[in-house]
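To start, the structure under review is shown below, and the notes come after it.
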Amino acid sequence: MKFLTLWRGLNTRIRVSIYMLFFLAALSAIAPFITPFHSDQMGTGQTLLGPTWQHPFGIDSMGRDQFSRVTEGIRLSAFIGFTVMSTSLLVGIPVGILSAYKGAFLDSLFSRVLDLLFAFPNLLLALVFVTILGSGSWTALLALVIIYIPIASRFVRSAALAEKDRDYVSAAKVNGASTFRICARHILPNIAPSLLVLGTNIFAFAILAEAALSYLGVGAKPPTPSLGKILTENQGFITTSSHLVIIPAVTLSFLVLSLNLLGDGLRDYLDPKKSSSQHKKSWIRLLFPRQSAPVNGGQLQ
Amino acid sequence: MDKTFVSKAVSASEWRSTPVNSPSLVSIRNLSVDFWRVAAPPALNNVFLDVLPGEAVGLVGESGSGKSTLGFAIAGLLDSNDVQLSGEILFKGQNLLTISQDDYRKIRGSKIGYIFQDASSSLNPLLKIGKQLTHPLMANGGMSKADAILRAKELLDMVEISQSQRRLNQYPHEISGGMKQRVVIAAALSRDPLLLIADEPTTALDVTVQAQIIDLLLRLKNSLSMSLIFISHDLGVVARVADRIVVMKDGNIIETGGVEQVLANPRESYTQLLLANIPKLRHVDESQSLRFWGNNEP
């Protein structure tokens, strides 16, 4: 009952994005059970086949079932996105809050380290890692984590800086609360809404970045069905078998779009300044949310 | 604490010569506060102030005179990264500026209460009132949860909040501004502090509620026999609350004395100015008032 009330109170974008994410999750979860082909399994006898009932997304140039590859790719993307998001938040939250709350030496130390990491262009940093550690999904993951930790830390720090001078933090201090308690019970919960939005954004961008790295050939190694890798492998056949490129590309966009919609919807939902009233449900409003509604229908009295 | 001890107003010559082993609860000696990052005169300049047990001291002065900074300094809310503190703040003989952070935290948690100006922002919006009252009790007072809840209810009764049991489960946004200030007072008093610092506790409230809160503060101060540092720019309020008035200007204490003495015979010209600036109801010219109310006849 409580869940239903909460669900109805969410705005359309959040609900639609949850439907989209649920669809992708269900698709990649049931895929191994509905198709007998493994994503790496070659030699189905045919190559470059269009969609059939047995192979819904067709067969690629090496005779592998594209449906199992794409669904495997969704799983891989989700895993990488989630890992990057949780790791960067796990490091970024303590670093950001401590650096904001403690200030002084600790803040300078953390900030200079972050500056150092910020100084490298993202892709260049990833390439450096790949050169040192060799290419592969795990290297790409490590590079992405190292790219997103400073972004998360800096975001948390700025949010915590605004929060730490609020009176209730001072009040907790006078009441004898310890530093840990102030950070964990007073500052963190009050910046949590914006961290939720940050988390979904990092999730989406990490997926895109991993696809980009794999597309450039520095991410996932050949048999791994990363969505970016599938695009590189099949780009030569774009004129003859365009479905081999279009389907993974659309899947990737669909995944990132649903995460961005979720982040955008959460931002509005958690913003106390926006009215939570539901406007008329419309697909147009989904992508073009109504700006502040004029009072009296915009007419002068 | 000695409950029979009630101080009389201490004259200016007396307080300056208070010996070090005085009965003062708080004894501020030669305190200077300088903000590193601002190229301005120090926020506090060699301030001396003694607060006796059970005494109510009213700190008055204009904005920027350093009265809030003095309160912050005693409560340890000034960040040593931002300010340079020199001098001594003796609390029951212990110098708060030299003891360890942990000891300071314990003293703050058990012996000093602080009431902020804006009650709505001094309560954590995400924690229920009950939680905000019981947490410090359990963390610093070493109470069990059940005891802390009983004590919280008792505190809400003490600050005259109705339906205290229900309030414990409410969030700050569910109660009125005056009630929030009462909750803040309850939180400040929860561990029976020896010193309560009230930093303009009534400024954000309307006049009726102001009067109620001040009455409440006075009654509590007398019944709990604690010292009170009442910071305000409202001389009328301070006159009701304080035993002694300390006038501050530009980080200096420029005049101090009993309420009657300072209000009736201010020595400093600045205090006279401050007194002269209390808004009064003047005789209103009949024709002017008509025009004011929109009667635009020439």
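Bear in mind these aren't lab numbers, they're just calculated from the coordinates by the rules spelled out. Bear in mind that the values here come from a model prediction, so they are computed numbers and not experimental data. Using ideal geometry, Cβ is built from the backbone for each residue, glycine included, and neighbour counts are taken over all protein chains shown.
Approximating the spin labels as points 7 Å out from Cα along Cα→Cβ, the A:I132-to-B:L150 distance works out to 6.1 nm.
Listed by chain and number, the aspartates and glutamates placed with their C-alpha closer than 18 angstrom to that of B:K106 are B:D79, B:D192; residues fewer than eight positions away on the same chain are left out.
A simple charge model with +1 on the Cβ of Lys and Arg, -1 on the Cβ of Asp and Glu and nothing else charged puts the dipole of chain B at about 860 debye relative to its Cα centre. By DSSP, the beta bridges lying fully in chain B are antiparallel in about 55 percent of cases. Taking amide H as placed 1.01 Å from N in the peptide plane, the amide H of B:I28 sits under 5 Å from that of B:L49, B:D50, B:V51, B:L90, each at least 5 places away or on another chain. Working note: 222 nm ellipticity from helices only, DSSP H runs with n ≥ 4, each -39,500 (n - 2.57), summed and divided by the residues of chain A, gives -22500 deg cm²/dmol to the nearest 500. Between the beta carbons of A:I246 and A:L216, assuming R0 = 22 Å, the FRET efficiency works out to 0.60 to the nearest 0.05. Each of B:L263 and A:L106 was given a label point 7 Å from its Cα along the Cα-to-Cβ line. The distance between the two points is 4.7 nm. Across the stretch B:173-189, rounded Karplus estimates of 3J(HN,Hα) from the backbone phi angles (6.51 cos²θ - 1.76 cosθ + 1.60, θ = phi - 60°) give 6, 8, 10, 7, x, x, 5, 4, 4, 5, 5, 4, 5, 4, 5, 5, 8 Hz, Gly and Pro being marked x. In summary, the aspartates and glutamates within cross-link reach of B:K131, defined as a Cα separation below 14 angstrom excluding same-chain residues under 8 places away, comprise B:D147. Applying 1/(1 + (r/R0)^6) with R0 = 25 Å to the Cβ-Cβ distance of A:T239 and A:Q41 gives a FRET efficiency near 0.40. Going by the alpha-carbon gyration tensor, a ≥ b ≥ c the square roots of its eigenvalues, is chain A rounded (a/c under 1.5) or, if a/c is not under 1.5, prolate (a/b greater than b/c) versus oblate? Oblate, since a/c reaches 1.5 and b/c is not below a/b. In the stretch B:12-279, a dipole from Cβ-located charges (positive for Lys and Arg, negative for Asp and Glu) runs towards its positive end, and of B:I28, B:Q132, B:I112 it is B:Q132 whose Cα lies farthest in that direction. Name the residues of the stretch B:109-149 whose amide N is less than 14 Å from a point 7 angstrom out from the Cα of B:S176 along the C-beta direction? It comes to no residues whatsoever. Rounded to the nearest 20 debye, what is the charge dipole size of the stretch B:21-129 about its Cα centre when +1 sits on each Lys and Arg Cβ and -1 on each Asp and Glu Cβ? Approximately 300 debye in magnitude.
Its DSSP H runs of at least 4 residues, each contributing -39,500 (n - 2.57), put the calculated 222 nm mean residue ellipticity of chain B at -11000 deg cm²/dmol, to the nearest 500.
Rounded to the nearest whole Hz, the Karplus-based 3J(HN,Hα) values (6.51 cos²θ - 1.76 cosθ + 1.60, θ = phi - 60°) of the stretch B:111-116 follow the sequence 10, 10, x, 9, 10, 8, with x at glycine and proline.
Overall, the anisotropy analysis places chain B in the oblate class: the square-rooted eigenvalues a ≥ b ≥ c of its C-alpha gyration tensor yield a/c not less than 1.5, with a/b not exceeding b/c. Peptide B:115-127 is shielded by partner chain Cβ atoms: per residue, an average of 5 of them sit within 10 Å of its Cβ. Pairs A:K173/B:K145; A:K102/B:K180; B:K111/B:K221; A:K164/B:K128; A:K164/B:K221; B:K67/B:K92: which are spaced more than 26 Å apart, C-alpha to C-alpha? With Cα atoms farther than 26 Å apart: A:K102/B:K180; A:K164/B:K221. Taking 35 Å as R0, compute the FRET efficiency from the Cβ-Cβ separation of B:W36 and A:A26 and round it to 0.05. For R0 = 35 Å, the calculated efficiency reads 0.05. When only the Cβ of Lys, Arg, Asp and Glu is charged (+1, +1, -1, -1), the dipole of chain A relative to its Cα centre reaches about 1100 debye. For chain A, complete DSSP H runs whose alpha carbons reach 30 Å or more along their own long axis and whose mean Kyte-Doolittle score is -0.5 or higher are A:12-34, A:66-102, A:137-164, A:188-216, A:243-270.
In order along the stretch B:81-90, the phi-based Karplus estimate (6.51 cos²θ - 1.76 cosθ + 1.60, θ = phi - 60°) of 3J(HN,Hα) comes to 6, 9, 10, 9, 10, 9, x, 9, 10, 8 Hz; Gly and Pro are listed as x. In this simple spin-label approximation, A:L257 and B:D79 carry label points 7 Å from Cα along the Cα→Cβ vector, and these lie 4.4 nm apart. Amide H to amide H distances under 5 Å link B:Y114 with B:I197, where only residues 5 or more positions off or on other chains count and H is placed in the peptide plane. So which residue, out of B:T202, B:T271, B:T98, gets the largest mean-square fluctuation from a GNM of chain B using Cα contacts under 10 Å as springs? Taking springs between Cα atoms under 10 Å, the residue moving most is B:T98.
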